[in-house]
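For reference, the structure discussed in these notes is given below.
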Amino acid sequence: MHEFPRPRQADTFATLFGKAFRNRSFLIGFAVTAIILAMAVVSFFWTPYDVTDLPVTNRLKPPSLTHWMGTDHFGRDIFSMIMVGSRNSIAVAFIAITIAAGIGVPLGCWAAARRGWIDEALMRFNDVVFAFPALLSAVMITAIFGPGAINAIIAIGLFNIPVFARVARAGALAIWPREYILAARSAGKNAFRITIEHILPNIGNILVVQGTIQFALGIIAEAGLSYVGLGEQPPMPSWGRMLFDAQTRMIVAPHLAIFPGLAIVATVLGLNLLGDGLRDVLDPKLRRER
Amino acid sequence: MAAYLLKRLGIGALTLICASVVVFAVLEIIPGDPARLMLGMNATEDAVQALRQQMGLDNPLPTRYFAWMTGFVTGDFGHSYTYSVPVTELVAERIVVSLPLAIFALLLTVLIAIPVGIFAASRQGRFSDTAVMTTAQIGVAVPNFWFALILVYIFAVWLRLFPAGGFPGWSAGLWPGLKALILPAISLAALQAAVLARVARSALIEELNEDYIRTARAKGLPQRHVLWRHAMRNAMIPVLTIMGLQFAYLLAGTIIIENVFYLPGLGRLVFQAITQRDLIVVESVVLLLVASVIAVNMLVDVTYALVDPRLRHR
Amino acid sequence: MSLLDIKNLDLSIGGAEILRGVDLALNPGEVMGLVGESGSGKSMTALALMQLLPHAASTAGRIQFAGIDILTAGEETMYAVRGNDIGMVFQEPMTALNPVKTIGEQVAEGIRWHTSANRADAEAKARRMLARVGLPEEKFPLSRYPHELSGGQRQRVVIAIACALNPKLLVADEPTTALDVVLQAQILDLLKDLVDEDGMGLLLISHDLAVVADIADRITVMRNGKVVETGETAKTLLEQKHPYTRQLAEASTHVPARKAVAARARHQDSQSGPLLVVDQAVRDYPGRRHFLFEKPQPFRAVDHVSFSMNEAQSLALVGRSGCGKSSLARMVLALDPITAGSIRFDGTELAGHAGKELRAIRRNMQVVFQDPYGSFDPRHKVERLVTEPLHLLDHQPSRQERRDMAIAALGEVGLVPSDLDKYPHEFSGGQRQRISIARAIITRPKLVVCDEPVSALDVSIRAQVLDLFADLNDRLGVAYLFITHDLNVARAITDDVLVMHEGQIVERGKTGDVLANPQSDAGRKLIAAMPDLDRALARRS
């Protein structure tokens, strides 16, 4: 009599929901992420001050009741700029990660289903991409094709493809030898159908978790690109650009650096907590990792 | 063992070749004439022709690729247009900043992360574990260039303990040189240490749940022996993997951090070369950085084989 | 005075009661068999006396061992007791050893810790101990790593670690369950010898009455965290005073009633020829390369195997683990390609067919696997799981038809229509195997290949599932290719048997004849090693 490890149970949405809202990481992460998202959405309709207005007489004001986070060297309201900047950060990171997942996941699943030289080729492709320090290549791409949000998306997206391919491949490889896959093959299903019906739903968890982590890294990468001047271009505010502008004015106006930085930290922390929480909730097997 | 190492070496070489083709191709597909691009719109046709000649742009693609690669392997990286010196010379004077910085940062990362990871794993679930891991969780979310700004504000502007930027050169002495690298190294290491500490902790906890740990405990070994003599060595494997990946992040990080601290390193060199479109510098320095990432990952593979006997016999 | 005295032991983990009022006593040098089905609490009892329970566990009662009160003893005391006074052997030899340390280090480590012997002395002692457990230094130097040893050899190393310091008590928790019958017999012999030579007490935990009956002086039967019966082995098992003991004994020797083969066949006047013909089938796996430029030697798992089977026939394919029986089954199921030879099913050659053409064959050939947990996609409900093979039909049935067919299939295996909307984790192991069988018969196949379908089940459940297999064989005329290492299962459910050894079929014949009078060497070894309750009791009385 072999004792087989009991696999995780498939939860219904109701029980998942219950579990999720008893998980502290998930709750905090969900709340922070929701606030940032709400901020981004609201900024389309309303910000405390207009960020295209340049009331220079009001420049470099420290935080006060009228300007919660102070004003910058053009007299713009920092809080309003952070609100508008969140749009760009979130949009760039989200689109980049979605594209990367959209290409990487099918690649990884394909490699796992076919094995052989396709698998080997994908692994070598991953090796090559991983050998390029991501930010270096992003700088290269945006410098060559010109700065801007679209090229930032391409640069960040490209270097996330192998991440998703690798995670999807590893997950799929762990599922393929399972007996229920053999049963599906005995039922005459081909590799494509098996991938759609059995593999993808069962690696969905790890992909969602990886997705939130990569999303967080994407936010940092976008801020880095904007900081070196290769992201969203002025006059549209971006968090990284705001930090760059703050650098030379650190002595007179430290608030210029503090608030955009905190915005990045909060967003990334929120997403990481959300990812950790999701992992705990979706995959009890990995729970001990945190 | 030999077969394993040879295979890794082969994969490393293959990766380097593919990477070099990619670098070459990317710079090749830039729209427009590279020489024109480098010189700008106001350059005379003669100047452009002269540069084309010098870069060998009139030769067919494969010839140029092999010429470049031969030069790269023999240490002749070409001649920088903007600096008017051989690229090798530029690299030599910048690497003495970047290499110590990367090693310094990696050392800091390991020296902080590993003890913290072990500490947290051995106190799993207790208050000290939660406190340390919450700090790490926040650390992972802090972008290094922002952390650098904060450090500059506190230690350079406010406390005046360290310089806010610049590098006096090693000729000014070991301590002034190191002093200029302390804040940059800390900024680079903070996030990586937070990541590595989390990995180390979870790898250790994972190992402590394995069956062989129960066998070791059933022998009567005390908990600390079980942790140090059994779990640690197995937990090294994922920790090494992450360290290999982190090296690439450190290199990328230097681009921004060297900019924040005005350090004359390779990262700043390549960044400036990109913005000034000095393509000869860009392609050689990028490939050099890529080669170092590949080399470090090969080193990690060799270390795997030392840690894990299952690989040695493959 | 007893060596070990467990009195009224209660154990709960996170609020769940695991043990209730367990009493157990063991004298020096005595072999106690602790028997029970999964969930009976037998392993937890063992972990409790080593103080190796999970952190969330809370205990009440008393465990007295050699004058030490285990439950109140501090961790420092336990460091001295574990490994020195009590040795422990676990179920899973493949993961019980540290993969990055040599076997010599792992055996010597405990010796050094407890005796403060120097490295050389400890290694000398480890060398002697490894030789005693059948791993002499000439063939198995101390510098070997666990991955260089087989499962049986690793279990010997674990036993060497446990016995290295002549403990007063050896606790063996299902030490042979992960091994095949021949290895099981060898390991049990080894344990017996060590206990006899060193005068250790042995607490042998097993789900198998026959294993325990052979070597235990006394046995204790547990169920649901309670001790059901305890007493002298032969007496307890012959008298079977407690109904649960009787149930266990009967279940482990259960043979379902079955009709004769001819009466089972769907086409009584079967003139259509054999259902499955395997002719000189070969399966090679790519080998491991030892040097970079050396051509890897392929590993031949199945070596020119030929046999045929008829409709409604139940054929056993028995052999030790690694003999190639599962590789053969995968080829028959067209899950793995055949390297050479031919396999014809219902007159059609399997090789060379792909996709659509295979569907007609697959429709008539289904499979039941061993693992009652891994056989189902955890995200699908029973209805979807059971109807998956309907994909093979040429005319896809409507939703309602699918549901009706699923209900009918569940009915055949003794489950109810309301089970359709449940997830697999809501069922017990035995029920899952029923679902697995329902999935296999929903297309009314002519052949079901069963790969160890009952070896993960408790004995009483196993008897019920075997009854179900027999019943379906009788009523539906399904032929079975039954792959098993357990000859008791072969005896219960099959007409004919093939004995496989190192990729080849070394013996074939009527199941009863082969079991009674094996001709081949491999067959004789298998049958001699087979745990048999009646035989064990006959030997003792």
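Values quoted throughout were computed directly from the atomic coordinates according to the rules given, and no laboratory measurement underlies them. Small disclaimer: the values here were computed from a predicted structure and weren't measured. FYI the Cβ positions are ideal-geometry reconstructions off the backbone, even for glycines, and counts take in every protein chain you see.
The length gained by stretching the chain between C:Leu238 and C:Ala538 to full extension, at 0.36 nm per residue less their Cα-Cα distance, is 107.0 nm. 3J(HN,Hα) couplings calculated from phi for the range A:89-95 with the Karplus curve 6.51 cos²θ - 1.76 cosθ + 1.60 (θ = phi - 60°) are, in sequence order, 4, 5, 4, 4, 5, 5, 5 Hz; Gly and Pro show x. Taking the DSSP beta bridges in chain C as the whole, what percent of them are antiparallel, to the nearest 5? That works out to approximately 55 percent antiparallel. Can you pull the percent of Cα pairs in the protein assembly as shown with separation above 41 Å? For the protein assembly as shown, the fraction of Cα-Cα distances above 41 Å is 55 percent.
Annotation for C:Ile68 and A:Arg115: the two label points, set 7 Å from Cα along the Cα-Cβ direction, are 4.9 nm apart.
Close amide-amide hydrogen proximity is noted between A:His73 and A:Leu60, each under 5 Å apart and 5 or more residues distant or on a separate chain (H modeled in the peptide plane; Pro and chain starts excluded). Per residue of peptide C:105-118, the mean number of Cβ atoms on other chains within 10 Å of the residue Cβ is 2. Each of B:Gln276, B:Ala197, B:Thr254 was scored by the projection of its Cα onto the charge dipole of the range B:197-280, and the greatest displacement toward the positive side belongs to B:Ala197; charges sit on the C-beta of Lys, Arg, Asp and Glu. A Förster radius of 22 Å, combined with the Cβ-Cβ distance separating B:Leu178 from B:Tyr262, puts the computed FRET efficiency at roughly 0.85. Step through the table entries C:Lys125/C:Lys525; C:Lys235/C:Lys259; C:Lys125/C:Lys192, compare each Cα-Cα distance with 27 Å, and write down the pairs that go over it. Flagged as over cut-off: C:Lys125/C:Lys525; C:Lys235/C:Lys259. Straight-line reach from C:Lys7: which aspartates and glutamates have a Cα under 13 Å away, not including same-chain ones fewer than 8 places off? Straight-distance partners of C:Lys7: C:Asp23, C:Asp69. Highest mean packing comes first when the peptides C:391-400, A:160-169, A:72-81, A:217-226 are listed by Cβ atoms within 10 Å, giving A:217-226, A:160-169, A:72-81, C:391-400.
Peptide B:267-276 shows a mean partner chain C-beta count of 3 within 10 Å per residue C-beta.
Over the range B:198-304, the hull volume per residue, using the convex hull of the C-alpha atoms, is 112 Å³. In order along the range A:225-232, the phi-based Karplus estimate (6.51 cos²θ - 1.76 cosθ + 1.60, θ = phi - 60°) of 3J(HN,Hα) comes to 5, 5, 4, 7, x, 10, x, 4 Hz; Gly and Pro are listed as x. Computed from label points 7 Å out along Cα-Cβ, the spacing between C:Ser12 and B:Ser171 is 7.9 nm.
Calculate how steeply helix C:103-115 sits against the longest principal axis of the alpha-carbon atoms of chain C, using the helix alpha-carbon long axis, and give the answer as 0 to 90 degrees to the nearest 10. Roughly 30 degrees, rounded to the nearest 10. For peptide C:367-373, the mean count of partner chain Cβ atoms within 10 Å of a residue's Cβ comes to 5. Listed by chain and number, the lysines whose alpha-carbon sits under 29 Å from that of C:Lys422, ignoring those within fewer than 8 places in the same chain, are A:Lys19, A:Lys189, A:Lys285, C:Lys381, C:Lys446. In this simple spin-label model, placing a label point 7 Å from the Cα along the Cα-to-Cβ direction at both C:Glu76 and B:Glu89 gives a separation of 7.1 nm.
In this calculation the C-beta distance from C:Arg403 to C:His425 is compared with R0 = 25 Å, giving a FRET efficiency of 0.70. Placing unit charges on the Cβ atoms of the charged side chains and taking the dipole of the range A:77-216 about its Cα centre, the candidate lying farthest along the positive direction among A:Ile213, A:Asn190, A:Ala149 is A:Asn190. Look at the dipole of chain C built from charges on Cβ: of C:Gly104, C:Ala124, C:Val277, the Cα furthest out on the positive end belongs to C:Val277. Bridges between two residues of the range C:422-525, per DSSP, are antiparallel at a rate of about 55%.
Bridges between two residues of the protein assembly as shown, per DSSP, are antiparallel at a rate of about 55%. Of the peptides B:227-236, C:113-122, C:212-221, the ranking by mean beta-carbon count within 10 Å, highest at the top, reads C:212-221, B:227-236, C:113-122.
Rounded to the nearest 10 degrees, what's the angle between the helix A:255-282 long axis and the longest principal axis of chain A, both from Cα atoms, 0 to 90? With both axes taken from Cα atoms, the answer is about 20 degrees. Expressed as a fraction of 2.2 N^0.38 Å, the C-alpha radius of gyration for chain C is 1.06. Dividing the Cα radius of gyration of the range A:204-290 by its Kirkwood radius returns 1.14 for Rg/Rh.
Peptides B:245-257, C:321-333, C:187-199, ordered by how many other C-beta atoms sit within 10 Å of their residues on average, highest first, read B:245-257, C:321-333, C:187-199.
I'd like the orientation of helix C:119-132 relative to chain C: the angle between its Cα long axis and the longest Cα principal axis, in ° from 0 to 90, rounded to 10. Roughly 50 degrees, rounded to the nearest 10. Taking amide H positions as modeled 1.01 Å from N, with prolines and chain starts lacking one, no residue 5 or more places away or on another chain lies under 5 Å from A:Met236.
Under 5 Å between amide hydrogens, built in the peptide plane, is the criterion, and for C:Val227 it picks out C:Asp23 among residues at least 5 positions away or on other chains. Counting every C-alpha pair in the range A:22-130, the share spaced more than 15 angstrom apart comes to 75%.
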